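The values are calculated or read from the model by the stated rules, or taken from the named source; none is laboratory data. Quantities reported herein were computed from a predicted structural model and do not represent experimental measurements. Reconstructed Cβ throughout: ideal geometry from the backbone, glycine too, with neighbour counts over all protein chains shown. Accessible surface areas use protein heavy atoms only, side chains included; no ligands, DNA or RNA. Shrake-Rupley method; radii C 1.70, N 1.55, O 1.52, S 1.80 Å.
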Amino acid sequence: MKNELIERFTSYVKVDTQSNENSETCPSTEGQWTLAHMLVNELKSIGMKEVTIDENGYVMATLPSNTNKEVSTIGFLAHVDTATDFTGKNVNPQIVENYDGNEIVLNEALKVVMSPKDFPSLPDYKGHTLITTDGTTLLGADNKAGITEIMTAMAYLINHPEIKHGKVRVAFTPDEEIGRGPHKFDVAAFQAKHAYTVDGGPLGELEFESFNAAAAKITIKGNNIHPGSAKDKMVNSMKIAMDLHSKLPAQEAPEHTEGYEGFFHLLSFNGDVERTKLHYIIRDHDMEKFQARKTLIENIANEFKAKYGSDNIQLELNDQYYNMGEKIKPVMEIVDIAHEAMVNLSIQPIVKPIRGGTDGSQLSYMGLPTPNIFTGGENFHGKFEFISVDNMIKATNTVIEIIKLTEQKA
């Protein structure tokens with residue numbers, strides 16, 4: 001299984017599938033189409049049935065039931081796109097066999113080194129086979145590791161028909177990283193009672209709660225005058241933006257929060273004297289606190305409108321997704337099965353809230369309860385991203401064990 005996982009994963013990450021929020025197409029980039037068609041061909045070649053790809057790039061396939069029992073259809077999903085935070089072009093994965101627990105030189109020429117000093121979890125991987133970047137791109141384990149593990153689990157079950165299972169559906173979706181993953185997902189066509197995204201991080205992660213999420217875009221108009229004659233005339237939009245940002249609680253930012261703590265995150269600050277744009281994301285697990293955060297940013301915007309004119313301060317505030325725990329808690333048995341599967345494989349489940357987005361957040365509200373399980377990767381979205389092949393094997397076996405337990409408990 002090890003070589004199979006490495007071969008699949010390294011072939012997937014070499015396809016540039018970064019999504020693009022400025023594109024109006026679905027998928028938002030051509031590279032996602034390229035990988036989606038690769039996956040269609042591979043699903044057919046390993047023996048999956050009902051393999052489809054729709055006009056929006058959503059790939060679906062079926063592993064038919066091989067049991068006489070009435071077993072609920074379950075699904076597994078992963079997304080084909082990679083993050084926009086760091087380049088995903090020309091990914092050159094490096095394989096570190098029998099990692100010694102010390103520094104890893106990712107790129108000698110550029111002096112890019114991944115050190116246990118900066119990443120304290122690294123020594124935990126001593127003896128593992130790791131796949132890293134070459135220090136110039138992200139790796140794409142988020143979420144090509146999930147695709148790899150689902151594909152490998154399906155191939156294993158097809159090659160081991162003695163393992164009894166119900167009908168299993170798999171799907172590979174576009175544009176998760178820009179929040180659009182489930183927007184055009186056909187839940188009715190998927191025909192699963194519930195599903196799991198294989199989109200988590202380190203070994204044992206099991207998540208069924210997510211943030212409530214919103215995005216806020218604030219545009220500030222100023223007035224640019226030659227600085228030599230600017231007295232009482234110039235209005236510097238950047239200074240207004242800095243003043244506005246200072247009204248938010250400084251400690252309620254990602255770098256100061258953890259667990260169930262929410263935040264305001266300034267994603268970008270772009271401007272000049274004449275015009276400045278601020279882009280925030282707002283997150284909280286608790287719905288009441290989430291609403292309070294949105295109210296606060298609206299009140300701040302209104303305060304500045306009153307001071308500088310309503311035409312000069314514009315706020316665009318939109319909800320993105322909600323806490324999937326509200327939809328999963330009534331069917332906690334699907335989380336319990338994943339928990340039991342990990343325990344059966346001597347994996348310590350780490351049940352914690354997702355401090356980020358996942359397709360499961362939106363899918364759960366679309367009628368498909370979808371908790372999230374680990375892939376085995378760390379440091380997603382940057383040049384220090386890596387994944388343990390040993391833990392990819394465990395993730396693959398977890399998928400298989402969930403399928404087995406679902407049949408046994410039917």
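Report yes if Glu30 is free of Cβ contacts under 8 Å to residues at least 40 places away in the same chain and of a type in the set (D, E, K, R), otherwise no. I'd like the intermediate steps shown before the answer.
Values: free of Cβ contacts under 8 Å to residues at least 40 places away in the same chain: yes; of a type in the set (D, E, K, R): yes.
When the stated conditions are applied, Glu30 passes them.
Quick one: count up the residues across segment 322-344 that are under 30 Å from Ile282 (Cβ atoms), part of a helix (DSSP H, G or I) and open to solvent by 10 Å² or more (accessible area, probe 1.4 Å). Step through it out loud before you land on a result.
At the first step, the residues of segment 322-344 found to be under 30 Å from Ile282 (Cβ atoms) are 322-332, 334-335, 338.
Applying the additional criterion that residues be part of a helix (DSSP H, G or I) yields 325-331, 334-335, 338.
Filter once more, so that each one left must be open to solvent by 10 Å² or more (accessible area, probe 1.4 Å): 326-327, 329-331.
Residues that pass the stated criteria total 5.
Among residues of segment 163-180 being surrounded by 24 or more Cβ atoms within 10 Å (Cβ to Cβ) and among the hydrophobic types (A, V, I, L, M, F, W, C), the one that is farthest from the chain's Cα centre (by Cα) is Val168.
Looking at Ser310, is it over 27 Å from Leu363 (Cβ atoms) and within 23 Å of the chain's Cα centre (by Cα)? Here the answer is no, as Ser310 does not meet what is asked. Within the bounds of segment 346-369, is there any residue that is open to solvent by 20 Å² or more (accessible area, probe 1.4 Å) and farther than 25 Å from Asp284 by Cα? Yes, segment 346-369 contains at least one residue that is open to solvent by 20 Å² or more (accessible area, probe 1.4 Å) and farther than 25 Å from Asp284 by Cα.
If the condition is being open to solvent by 60 Å² or more (accessible area, probe 1.4 Å) and in contact with a helix residue (DSSP H, G or I) (Cβ under 9 Å, 6 or more places away or on another chain), then segment 246-264 contributes Lys247, Ala250, Glu252.
Scan segment 133-160 for residues that are outside any helix (DSSP H, G or I), crowded, with 24+ Cβ neighbours inside 10 Å and either out of contact with any Ser or Thr (no Cβ under 6 Å at 6 or more places or on another chain) or at negative phi (or both) and the total you get is 3. You will find that of Lys404, Lys394, the residue that is touching a residue at least 24 places away in the same chain (Cβ under 8 Å), of a type in the set (Lys, Arg) and within 21 Å of Thr129 (Cβ to Cβ) is Lys394 and no other. The test for being within 28 Å of the chain's Cα centre (by Cα) and modelled with pLDDT of 95 or more does not hold for Ala241.
Is it true that Ala171 is in contact (Cβ under 8 Å) with a residue 12 or more places away in the chain, of a type in the set (A, V, I, L, M), touching a Leu at 6+ places or on another chain (Cβ under 8 Å) and closer than 21 Å to Val399 by Cβ? When the stated conditions are applied, Ala171 passes them.
Pairs meeting the criteria (first residue in segment 230-248 and in contact (Cβ under 8 Å) with a residue 24 or more places away in the chain, second residue polar (S, T, N, Q) and open to solvent by 80 Å² or more (accessible area, probe 1.4 Å), beta carbons under 8 Å, at least 6 apart or on different chains) are Met234/Asn224.
Could you say whether any residue in segment 197-218 is open to solvent by 30 Å² or more (accessible area, probe 1.4 Å), touching a Cys at 6+ places or on another chain (Cβ under 8 Å) and either at pLDDT 95 or above or within 18 Å of Gly360 (Cβ to Cβ) (or both)? No, that holds for no residue. Of all residues in segment 99-123, exactly one satisfies the criterion of being under 15 Å from Ile387 (Cα atoms), in a strand (DSSP E or B) and in contact with a Gly (Cβ under 8 Å, 6 or more places away or on another chain), namely Leu106.
Of the residues screened, Gly88 is not one that is crowded, with 21+ Cβ neighbours inside 10 Å, touching a Pro at 6+ places or on another chain (Cβ under 9 Å), touching a residue at least 60 places away in the same chain (Cβ under 8 Å) and within 23 Å of Val40 (Cβ to Cβ). Considering only residues in segment 181-196 that are among the small types (Gly, Ala, Ser) and touching a residue at least 40 places away in the same chain (Cβ under 8 Å), the one that is surrounded by the most Cβ atoms within 10 Å (Cβ to Cβ) turns out to be Gly181.
Lys277 - would you say it is in contact (Cβ under 8 Å) with a residue 24 or more places away in the chain, open to solvent by 70 Å² or more (accessible area, probe 1.4 Å) and either more than 30 Å from Ser364 (Cα to Cα) or not polar (S, T, N, Q) (or both)? Yes.
Counting just the residues of segment 1-28 that are outside any helix (DSSP H, G or I) and within 17 Å of the chain's Cα centre (by Cα), which one comes out surrounded by the most Cβ atoms within 10 Å (Cβ to Cβ)? Explain how you work it out, then say what you get.
Here is the first cut: in segment 1-28, the residues outside any helix (DSSP H, G or I) are 1, 14-28.
When the remaining residues are screened for being within 17 Å of the chain's Cα centre (by Cα), the result is 16-21, 27-28.
Working: Asp16: 19, Thr17: 28, Gln18: 22, Ser19: 26, Asn20: 18, Glu21: 12, Pro27: 25, Ser28: 23.
Once the filter is applied, the top-ranked residue is Thr17.
Within segment 161-181, the only residue that satisfies the criterion of being out of contact with any strand residue (DSSP E or B) (no Cβ under 7 Å at 6 or more places or on another chain) and not in a loop (DSSP other than H, G, I, E, B) is Ile178. Of the residues Asn270, Asn299, only one is touching a strand residue (DSSP E or B) at 6+ places or on another chain (Cβ under 7 Å), open to solvent by 20 Å² or more (accessible area, probe 1.4 Å) and over 30 Å from Asn391 (Cβ atoms); which? After applying the criteria, what remains is Asn270.
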